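Structure record follows, encoded as structure tokens.
The values are calculated or read from the model by the stated rules, or taken from the named source; none is laboratory data. Quick caveat: nothing in here was measured; it's all calculated off a predicted structure. Positions of Cβ are generated from backbone atoms using ideal geometry, with glycine treated the same way; all protein chains shown enter the neighbour counts. Quick note on the areas: whole protein, heavy atoms, side chains included, nothing else; ligands and nucleic acids left out. Shrake-Rupley method; radii C 1.70, N 1.55, O 1.52, S 1.80 Å.
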Number of protein chains: 4
Amino acid sequence: MKLEGIIAYPVTPFKGAEQVLDLEALHITLNALLEQQCDAIAPLGSAGESAYLSWSEWQEVAKTSIAVVNHRVPVILGISELTTNMAIQKAKKAEELGADVIMVMPISYWKLSDQEIYEYYQQIAAETSLPIMVYNNPATSGVDMSPELISRMFQEIDNICMVKDSTGDIQRMHKFYELNHGELPFYNGCNPLALEAFCAGASGWCTVAPNLLGKLPSQLYQAVMTGDLEQAQALFYKQLPVLRFIVQGGLPKTIKAGLNSMGFAVGNPRKPLQKASPAQLEQLQALIKSATTA
Amino acid sequence: MKLEGIIAYPVTPFKGAEQVLDLEALHITLNALLEQQCDAIAPLGSAGESAYLSWSEWQEVAKTSIAVVNHRVPVILGISELTTNMAIQKAKKAEELGADVIMVMPISYWKLSDQEIYEYYQQIAAETSLPIMVYNNPATSGVDMSPELISRMFQEIDNICMVKDSTGDIQRMHKFYELNHGELPFYNGCNPLALEAFCAGASGWCTVAPNLLGKLPSQLYQAVMTGDLEQAQALFYKQLPVLRFIVQGGLPKTIKAGLNSMGFAVGNPRKPLQKASPAQLEQLQALIKSATTA
Amino acid sequence: MKLEGIIAYPVTPFKGAEQVLDLEALHITLNALLEQQCDAIAPLGSAGESAYLSWSEWQEVAKTSIAVVNHRVPVILGISELTTNMAIQKAKKAEELGADVIMVMPISYWKLSDQEIYEYYQQIAAETSLPIMVYNNPATSGVDMSPELISRMFQEIDNICMVKDSTGDIQRMHKFYELNHGELPFYNGCNPLALEAFCAGASGWCTVAPNLLGKLPSQLYQAVMTGDLEQAQALFYKQLPVLRFIVQGGLPKTIKAGLNSMGFAVGNPRKPLQKASPAQLEQLQALIKSATTA
Amino acid sequence: MKLEGIIAYPVTPFKGAEQVLDLEALHITLNALLEQQCDAIAPLGSAGESAYLSWSEWQEVAKTSIAVVNHRVPVILGISELTTNMAIQKAKKAEELGADVIMVMPISYWKLSDQEIYEYYQQIAAETSLPIMVYNNPATSGVDMSPELISRMFQEIDNICMVKDSTGDIQRMHKFYELNHGELPFYNGCNPLALEAFCAGASGWCTVAPNLLGKLPSQLYQAVMTGDLEQAQALFYKQLPVLRFIVQGGLPKTIKAGLNSMGFAVGNPRKPLQKASPAQLEQLQALIKSATTA
């Protein structure tokens, strides 16, 4: 399997005052996403409020997502866990449910040494045959993994075979390239760097943007691939205000607000996260309109 | 109830390869702590690996701790939760079990606005009659609450009545003092600032140090209280190398290593956290010896 | 005048134990630089140790550089001054000597407010008719100017007409583009971002690299301009190890070491800056060799 | 000579639109400072706009200050220079003029390695017999010297014999104490830490505060020395709002504004620094009034 292009991230819909899972809404939003020229679907990521779900909820979302996607594109399941044991439990379940890839990120309370991180991944990898995408997102996880550590794990641990970096530091991508002579596929998780990451050689863009911007992310990818840099710049700067807005506002809040306003009833993020204010929603709608009209 | 002086933090002992709770060891270590002139006991804090426990484990540790302390000093239970709902669930349980105070800290995945933090505390406070100590420790929680926000919550939310700050920024303590005209009791959670926090007017020192250093922390407190600054400096600089070492090494790892070497069988921290290496243990033992011999 | 492409930065050669200016060596290195397909020459920048020169030395370097370049390409003179008065003095001298552009950066001791920075530029601009390139390099100057401030100055102050950003934050370039609807030419001063800055729409790359890497920088620029992204990536990753090394080692030290080893006797940087160690020089030579051989 | 207590920093007065030195005003403000129970006077420091003066102006201020103080207390002259050569030139002049101590800080443009900093101090020390106070103030100088480096210089370079730290990190003072077994006298240059630095064992407080707050700083020092912590806290919190205000507003701007409003005509700071706005001045006056009335 060769993952390239647009890896799309769905939200996890809730319904009612109790914010229980809304699997029907999940079904609908996943199908809508798949119409946006996505090359893979990644449920239970940061945007999917993975960290805010119970163990049984996590399983339900995983199961439903895999069924809905139904092999149209690969499914990458997100696992972000504080303890090694819980991460292993999810990895095994992901494999049992038929996921194609797991995207794994350690969460920190007490800071982790490189050796602790290494063994976290090593012990998870030993319990699954699924390919593992290392996910580095210190802003949410509190763990920052250096390119050197990630490259060492890629070279030494069998099923670690790709990395998603969300730091927004393009020089890390250079490091991935250099330390592994171009052999480690790296994916960009920082939306406002989409253009430059592709230019630096990223295999893909991990993004929620297709939820709100339709095929624009895919068109950007195509423009870069065909060497039409002028067109790529035009497509990028067109969608950049939306990309920046959703990152600054927090993905669950802003993507759910946008989807709700587009007619997908996905509910609000879980407390203490709050829904977008009317002013934020209005601004978001204006930015989307500006990006998606000629 | 007026909390002042040394607020001691126990670890959470585990046993066996499976690292199940060891309530008997908890009993023993709590009793040992109570002999060190502690003015309160705070189970399930950062040092107690609260974040690494299941919901049922959290309850067991809380119940056992309250029973063992048995009103000899106040018991402060730690609650550090990502979702408002889970924090409320624990607050209610703490009250039901007979805790005297809860120490509450929001954990972040997605960054929280001041308003989101405010409502987190407000909603917890509405569900319990226990006094709440706001706990600010951005290095572990990913949430940094400004003195202005904390002071506003103190002034507006009924049972919020104290704050523990672990940032190590002494100027925050000045702010607590000034913004509340000296009415908000503040506690220092940064061990290497113990001397200066007391000098700045802190009501207490929240610390694991009595586990390894016996009555030295209490003696430092007494020296400051009696205005013997020379003695306070001597006592402080004596224990500082140990304080710095345990902070840099991570509390669960270093305190458990120290306790194990002193004959308390408390096990190791939960994976991915690792136990202290032989070299670290040797260094710790040397530092403790140097601090505790005349 | 439309500045585009490679803006090359010479060093300032010294000779003897007293480290007096070596204008003859300056002559030779400038002529060598001009053979590397440079689109402009920028003496007295950071790499030119501008901050370490006396007022009379600054004038001598300026005068000699303008004479040697002799209108073959535009000359951009660097002005980095703590006081407004001294910056004005240099701006007037630059015009008198026949410079084409001045590149101006405030240096801080006491932090400057946006208003103080604005008036610094406004007062300099009022005293010269030369076009001004705003130069933002907080790592050396201690002043960080936001894209918003720079854009406001571009829009409101007549001869402010371009910006060089050396922060290495590609998102600032996005801001320059957006805030000025693509009308503000921006130049990249962070060598390891050369590829991505061009992809983001930078008008040029301000760099010392042609001193050591010959026409490689220019070839990278050409590859991007012709939409050959694959070739651009190849050319970029080829020279990246050298670019990273010279940035991490400090430009005056590493470029002078490289030039000396290539037969240009340019002396060492001024104390307290030290020359490259033998090990550093060896590493640099190996990197240059690897970059410049097929 | 044993420096202890309050080390007071005068401003450098200017007059007229041209902002020429006003030595008469300097005379008057120095005499006024000496009435505030200061234990030493330190002209040409950060507050004295040393970095904004020409070489001849620096000499005039030094000469006048030494003459006015006339051995009533020690005079510490500030030297903050980018190049080693210029720092040596000032050190020699300071000795020739009769200064008691020089306070030396390297300024950075290109970052300095520890070895470069070490040799900067070593080469200056070799050219003077004056005692040297190492001055660490990364916020203004761009150079941050670790306690380890400073301690090594204290132990190895003969006339380096004290350190002033303005980082506001109290734990650095602990390091000075520990690394030198209490033998290295350290001085606090961060005004809002005045209380805690004395409690941690600082020999003195380097401050502009006596310019505006009269004997309050000295009274704080006395209260700590006599072990009256309650009185020390009261005196500290009384003056803290002024201390914080002058630090946040920038010392030359705020101290000059305060002095001008108290009848000392000292002019404004040099451009690009601006004078305090009417609103800032009003706020400052209110804070001073509140601090200095019972």
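With a 10 Å cut-off between alpha carbons and a GNM built on chain A, which of A:I160, A:I132, A:I170 moves the most?
For chain A, modelled as a Gaussian network with Cα springs under 10 Å, the answer is A:I170.
Suppose you put the label 7 Å out from Cα in the Cβ direction; list, shortest first and in nm with one decimal, how far A:S129 is from each other copy's label.
Between copies, matching label points for A:S129 lie 6.0, 7.9, 8.4 nm apart.
Along the charge dipole of region B:5-227, Cβ charges K/R +1 and D/E -1, which of B:I107, B:H27, B:Y120 sits furthest on the positive end?
B:H27
Beyond 18 Å, how much of the Cα-Cα pair distribution for region C:99-232 remains, as a whole percent?
The calculated P(r) of region C:99-232 puts 56 percent of pairs beyond 18 Å.
Can you tell me the relative contact order of region B:1-84? Whole percent, Cα pairs under 8 Å, sequence separation 6 or more.
34
With N denoting the number of residues in region D:5-228, provide Rg(C-alpha) divided by 2.2 N^0.38 Å, to two decimal places.
Against the compact-globule rule of thumb, the ratio is 0.97.
Is there a simple number for the mean count of other chain Cβ atoms within 10 Å of the Cβ of residues in B:172-178, and what is it?
If you average over the peptide's residues, the count of other-chain Cβ atoms is 3.
If each DSSP helix of 4+ residues adds -39,500 (n - 2.57) and the sum is divided by the residues in the protein assembly as shown, what number results at 222 nm, nearest 500 deg cm²/dmol?
About -15000 deg cm²/dmol.
Taking the label point 7 Å from Cα in the Cβ direction, how far apart in nm is C:A279 from each other copy of itself, listed shortest first?
C:A279 label point versus its equivalents elsewhere: 1.9, 5.5, 5.6 nm.
Counting only DSSP beta bridges with both residues in chain A, what percent are antiparallel, rounded to the nearest 5?
The answer is about 5 percent antiparallel.
May I ask you to derive the FRET efficiency for A:K215 and C:S290 from their Cβ-Cβ distance with R0 = 45 Å, giving the value to the nearest 0.05?
With R0 = 45 Å, the Cβ-Cβ based efficiency is 0.60.
For the D and C pair, go ahead and give the buried accessible area with a 1.4 Å probe, both sides summed, in Å² to 100.
2900
Once the Cα gyration tensor of region A:162-294 is diagonalised, what are the square roots of 5 times its eigenvalues, in whole Å and ordered largest first, as equivalent ellipsoid semi-axes?
In descending order, the three semi-axes are 28, 18, 11 Å.
Where Rh is the Kirkwood radius over the Cα pairs of region C:202-272, the temperature 37 °C and the viscosity 0.692 mPa s, what D in µm²/s does Stokes-Einstein return?
It comes out at roughly 248 µm²/s.
Heavy atoms only, probe 1.4 Å: what % of the accessible area of region A:15-95 goes to carbon and sulfur, would you let me know?
Carbon with sulfur: 49 percent of the solvent-accessible area.
Measuring from a point 7 Å out along Cα→Cβ, what nm distances, shortest first, does A:E4 have to its partners in the other copies?
Values, ascending and in nm: 3.1, 7.2, 7.6.
Specify the inter-centroid distance of region D:159-174 and region C:111-142, based on alpha-carbon positions, in whole Å.
Using only Cα atoms to place each centre, the spacing works out to 34 Å.
Dipole size in debye (nearest 20) for the protein assembly as shown around its Cα centre, Lys and Arg Cβ +1, Asp and Glu Cβ -1?
Magnitude of the dipole: close to 0 debye.
Hey, what did region D:74-190 get for relative contact order, percent, Cα under 8 Å, at least 6 apart?
22
Specify which residue in the list B:M145, B:A209, B:L193 is farthest towards the positive end of the charge dipole of region B:120-213, using unit charges on the beta carbon of Lys, Arg (+1) and Asp, Glu (-1), about the Cα centre.
B:A209
Over chain A, what relative contact order in percent results from Cα pairs under 8 Å that are six or more residues apart?
18
May I ask for the Rg/Rh ratio of the protein assembly as shown, computed from Cα atoms with Rh as the Kirkwood radius, given to two decimals?
Rg/Rh for the protein assembly as shown comes to 0.97.
With r as the distance between the Cβ atoms of D:E95 and D:E148 and R0 = 22 Å, compute the FRET efficiency 1/(1 + (r/R0)^6) and round to 0.05.
According to the calculation, E is roughly 0.15.
Rounded to whole Å, how close does chain A get to the rotation axis onto B by Cβ? Give me the residue too, please?
Axis-proximal residue of A, distance in whole Å: A:G142, 3.
Name the residue, out of B:L213, B:L273, B:L284, whose mean-square fluctuation peaks in a Gaussian network model built on chain B with Cα pairs under 10 Å.
Ranking B:L213, B:L273, B:L284 by mean-square fluctuation puts B:L273 first.
For region A:120-172, what is the convex hull volume of its Cα atoms per residue in Å³?
In region A:120-172, the Cα hull volume divided by residue count equals 77 Å³.
For region D:269-284, state which residues have at least 30 Å² less accessible area in the presence of all protein chains than in their chain by itself, taking the probe as 1.4 Å and leaving out ligands, DNA and RNA.
D:K271, D:P272, D:L273, D:Q274
If the label point is 7 Å along Cα→Cβ of B:A279, which residues in region A:116-152 have backbone nitrogen under 16 Å from it?
A:116
Report the Cα centroid-to-centroid distance between region B:202-279 and region D:2-69 in angstrom, as an integer.
So the separation of the two Cα centres works out to 47 Å.
Given region A:1-41, what whole percent of its Cα pairs are spread farther than 15 Å?
Tail fraction, whole percent: 48.
Can you give the charge dipole size of region B:5-227 about its Cα centre, rounded to the nearest 20 debye, using +1 on the beta carbon of Lys and Arg and -1 on the beta carbon of Asp and Glu?
Using Cβ point charges on Lys, Arg, Asp and Glu, region B:5-227 gives about 360 debye.
For D:D114, what charge total do you get from the other residues with a beta carbon under 14 Å from its beta carbon, if Lys and Arg give +1 and Asp and Glu give -1?
-3
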